[in-house]
Amino acid sequence: MTSTYENLTLLGQHVPPAASPEAAVLERVPNPHADTQYLVRFTCPEFTSLCPLTGQPDFAHIVIDFIPAGWLVESKSLKLYLAAFRNHGAFHEACTVDIAKRLVTVIDPAWLRIGAYWYPRGGIPIDVFWQTGAPPSGVWIPDQGVPSYRGRG
């Protein structure tokens, strides 16, 4: 690895899962095109957390879009951070907004949005959306491509 990446602790290493999202390490790397506005998308189609009241599993398809400024999130650390929610009890809204706010704190993007498309439990799907504000003009921001829940019919 070059000296630019010497502070990374997860990439290329065997890393045990974090006990909680708070304990998970979320790392960043310099944006090699900080002078260019472009969109980065991460999709986590198998996100899992726990209902804080019943302990039952909750599942979501999460799409994170951001326009980087000086930093990018290191993808392995993001994967491990999201996996740390697997045994974490929190409502859908809390998980979604906590993920977004943590990313904003770590990478300070020009813009970020998250769409969390939660699968039904108790007969009601709950979708949660959050963004930092209006996106900068001139950047192509495609639809997140996740259809609203329609059941089997």
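Quick notes
- Based on Cα contacts under 8 Å between residues 6+ apart, the range 16-131 shows a relative contact order of 30 percent.
- Debye, to nearest 20: dipole size of the chain, +1 on Lys, Arg Cβ, -1 on Asp, Glu Cβ: 380 debye
- Largest mean-square fluctuation among Gly138, Gly55, Gly70, in a Gaussian network model of the chain whose springs join Cα atoms under 10 Å apart, belongs to Gly138.
- Against the main long axis of the alpha-carbon atoms of the chain, helix 92-107 sits at an angle near 0°.
- Label positions at Arg121 and Val104, each projected 7 Å from the Cα along the C-beta direction, are separated by 2.5 nm.
- The antiparallel fraction among DSSP beta bridges confined to the chain stands at about 95%.
- Volume per residue for the chain equals 122 cubic angstrom (convex hull of Cα atoms).
- Net charge contributed by nearby residues that have their C-beta within less than 13 Å of Phe85 (K/R +1, D/E -1): -1
- The trypsin sites (Lys or Arg not before Pro) found in the range 83-151 that occupy coil by DSSP, while having at most 10 further C-beta atoms within 10 Å, are Arg150.
- Other residues within the sphere of radius under 12 Å centred on the Cβ of Pro52, judged by their own Cβ, net out at -2 (K and R +1, D and E -1).
- Surrounding net charge for Ala116, when Lys and Arg each add one and Asp and Glu each subtract one, Cβ distance under 12 Å: -3
Read-outs: derived from the displayed coordinates by stated rules, not from any lab. All values derive from a computational prediction rather than experimental measurement. As a convention, Cβ positions derive from the backbone with ideal geometry for all residues, glycine included, and neighbour counts pool all protein chains shown.
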